[in-house]
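Student: I have a structure I would like to understand better, so I am pasting it below and will then ask my questions one at a time.
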Amino acid sequence: YTWEHGNAKTYVTSDTVLSEIDYAAYFTLTKQPLPDNRQHILEKLEADRLIKKDVGDRWNILNLGAILFAADMTLFDGSLARKAVRFVKYEGTDRTTTVTHRRDGQKGYASGFEGLLGYINGLLPQNELIGQALREAHRLFPQLSVRELVANALIHQDMTITGAGPLIELFSDRLEITNPGCPLVDTNRMIDLPPRSRNEAIASLMRR
């Protein structure tokens, strides 16, 4: 069983597909021109296995399409909606301190990725370094590292675990990123054993 190719919604009209899947983001992120008619848009989405043709001009929205390009995750059932990314910023060094910022993601992982990273980077602590003429702000966590860690947490989670999704927590002294599931490779052997990954279809499309 491949979770990505399961059905998120079944037997819906093409209007529902185009309103609940952010197809404009799909074409922008995959660097394809936006087709000039509805049928060609649906064909492209079907070719990437985001949706699947059903009988009587109806469609099934696949989990792959919903998790990556949902216009609003809450429009899908609870198990998929709970996979939305949650971000929490605490005032101190543990979870008993005051929550200063909280954001529950609504968009799919691909369509909402840049917005999520922009939000996180805007809240990361900074140091001011005084140069020869100007002060320069340097974030304590490299943006490239944060991007890779967030992307990997989204892609390699265990999608079959319901009621839990990726969680990003920012404390005054650290950033914690967690996702559901156990590693496929023993954490003590990650250096010398060949890599294994979950959700190959999600990983492939996110790489593109």
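The values are calculated or read from the model by the stated rules, or taken from the named source; none is laboratory data. Just so it is clear, the structure is predicted and the values come from calculations on it, not from any experiment. Heads up, the Cβs are rebuilt from the backbone with ideal geometry, glycines too, and the neighbour counts pull from every protein chain shown. Protein only, heavy atoms only, side chains kept; ligands, DNA and RNA dropped before computing areas. Shrake-Rupley method; radii C 1.70, N 1.55, O 1.52, S 1.80 Å.
Student: Please report the spacing between the Cα centers of the stretch 118-151 and the stretch 37-65 in Å, no decimals.
Tutor: 40 Å
Student: Shifting gears a bit: Name the trypsin sites (Lys or Arg not before Pro) in the stretch 6-85 that are in a loop by DSSP and that have at most 12 other C-beta atoms within 10 Å, would you? Before the final figure, lay out the partial values.
Tutor: Working: sites: Lys9, Lys31, Arg38, Lys44, Arg49, Lys52, Lys53, Arg58, Arg82, Lys83; in loops: Lys31, Arg49, Arg58, Arg82, Lys83.
Qualifying residues, ordered by number: Lys31.
Student: Expressed as a whole number of Å, what is the distance separating the alpha-carbon centroids of the stretch 159-208 and the stretch 67-86?
Tutor: Value for the Cα centre distance between the two parts: 18 Å.
Student: Helix-only mean residue ellipticity at 222 nm, the chain, DSSP H runs n ≥ 4 weighted -39,500 (n - 2.57), per residue, nearest 500. What is it?
Tutor: Calculated at 222 nm, the ellipticity per residue is -9500 deg cm²/dmol.
Student: Within the chain, what is the number of lysine pairs with alpha carbons under 20 Å apart, leaving out pairs fewer than eight places apart on the same chain?
Tutor: Number of lysine pairs found: 11.
Student: Would you check the accessible area of Ser19, probe 1.4 Å, heavy atoms only, in square angstrom rounded to 10?
Tutor: 70 Å²
Student: Would you kindly state how much longer the chain becomes between Leu184 and Ala137 on full extension, computed as 0.36 nm times their sequence separation minus their alpha carbon distance, in nm to one decimal? Please report the intermediate quantities before stating the final value.
Tutor: Values: separation 47, 0.36 × 47 = 16.92 nm, distance 3.87 nm.
That works out to 13.1 nm of additional length.
Student: On the protein heavy atoms, probe 1.4 angstrom, tell me the percent of accessible surface of the stretch 105-159 carried by carbon and sulfur.
Tutor: Numbers: 1680 of 3250 Å².
Carbon and sulfur atoms account for 52 percent of the accessible area of the stretch 105-159.
Student: Loop-only GluC sites (Glu not before Pro) in the stretch 48-150, please: DSSP not H, G, I, E or B, and at most 16 other Cβ atoms within 10 Å.
Tutor: Numbers: sites: Glu91, Glu114, Glu128, Glu136, Glu148; in loops: Glu91.
Counting only loop positions with at most 16 other Cβ atoms within 10 Å, the GluC sites (Glu not before Pro) in the stretch 48-150 are Glu91.
Student: Using alpha-carbon pairs under 8 Å, 6+ residues apart, how would you state the relative contact order of the stretch 118-208 in percent? Intermediate results must be reported in sequence, preceding the final value.
Tutor: Details: 78 pairs, mean separation 18.7, N = 91.
The normalised contact order for the stretch 118-208 reaches 21 percent.
Student: Same structure again: Hey, got the dipole for the chain? About the Cα centre, +1 on K and R Cβ, -1 on D and E Cβ, debye to the nearest 20? Present the calculation step by step, with values, prior to reporting the outcome.
Tutor: Details: 25 positive and 26 negative charges, 19 e Å.
My answer is approximately 80 debye.
Student: Please pull out the direction-averaged projected area of the chain, using the convex hull of its alpha-carbon atoms, in nm² to one decimal place. Please list the in-between numbers first.
Tutor: Details: hull surface 61.9 nm².
Mean orientational projected area (the chain, Cα hull): 15.5 nm².
Student: How far, in nm, would the chain grow between Val99 and Arg147 when pulled straight, counting 0.36 nm per residue and subtracting the alpha carbon separation? List each step's numbers first, then the result.
Tutor: Details: separation 48, 0.36 × 48 = 17.28 nm, distance 2.29 nm.
Taking 0.36 nm per residue and subtracting the Cα distance, the gain is 15.0 nm.
Student: Still on this structure: Can you tell me the relative contact order of the stretch 38-106? Whole percent, Cα pairs under 8 Å, sequence separation 6 or more. Display every interim value, and only then the final one.
Tutor: Working: 72 pairs, mean separation 12.9, N = 69.
Once divided by the residue count of the stretch 38-106, the mean separation gives 19 percent.
Student: Quick one: compute the contact order of the chain, relative version, from alpha carbon pairs under 8 angstrom and 6+ residues apart, as a percent.
Tutor: Values: 314 pairs, mean separation 40.9, N = 208.
Relative CO of the chain lands at 20 percent.
Student: Of the residues Met190, Met73, Met159, which exhibits the maximal mean-square fluctuation in a Gaussian network model of the chain defined by a 10 Å Cα contact cut-off?
Tutor: With Cα springs under 10 Å in the chain, the top fluctuation among Met190, Met73, Met159 is at Met190.
Student: State in Å² the accessible area per residue of the chain; use a 1.4 Å probe, count heavy atoms of protein chains only, and round to the nearest integer.
Tutor: Counting only protein heavy atoms, the per-residue value for the chain is 57 Å².
Student: Can you compute the FRET efficiency between Asp57 and Asp158 using 1/(1 + (r/R0)^6), with r the Cβ-Cβ distance and R0 = 45 Å? Round to the nearest 0.05. Walk me through the numbers on the way to the answer.
Tutor: On the way: r = 35 Å, r/R0 = 0.78.
Working from the Cβ atoms, E equals 0.80.
Student: I would also like to ask the following. Can you work out ³J(HN,Hα) from phi for every residue in the stretch 46-62, in order, using Karplus 6.51 cos²θ - 1.76 cosθ + 1.60 and θ = phi - 60°, giving whole Hz and x for Gly and Pro?
Tutor: 5, 4, 8, 6, 8, 9, 9, 5, 10, 7, x, 6, 10, 9, 10, 8, 7
Student: Quick one: Karplus J couplings for the stretch 165-177, per residue in order, coefficients 6.51, -1.76, 1.60, θ = phi - 60°, nearest Hz, x for Gly and Pro?
Tutor: x, x, 10, 10, 10, 10, 9, 5, 10, 6, 10, 10, 10
Student: For Leu205, what accessible area in Å² do you get when you roll a 1.4 Å probe over the heavy atoms of the protein chains, rounding to the nearest 10?
Tutor: Accessible area, nearest 10 Å²: 20 Å².
Student: ³J(HN,Hα) across the stretch 137-147 via Karplus (A = 6.51, B = -1.76, C = 1.60, θ = phi - 60°), whole Hz, x for Gly/Pro?
Tutor: Rounded to whole hertz, the list is 8, 10, 6, 6, 10, x, 4, 5, 5, 4, 4.
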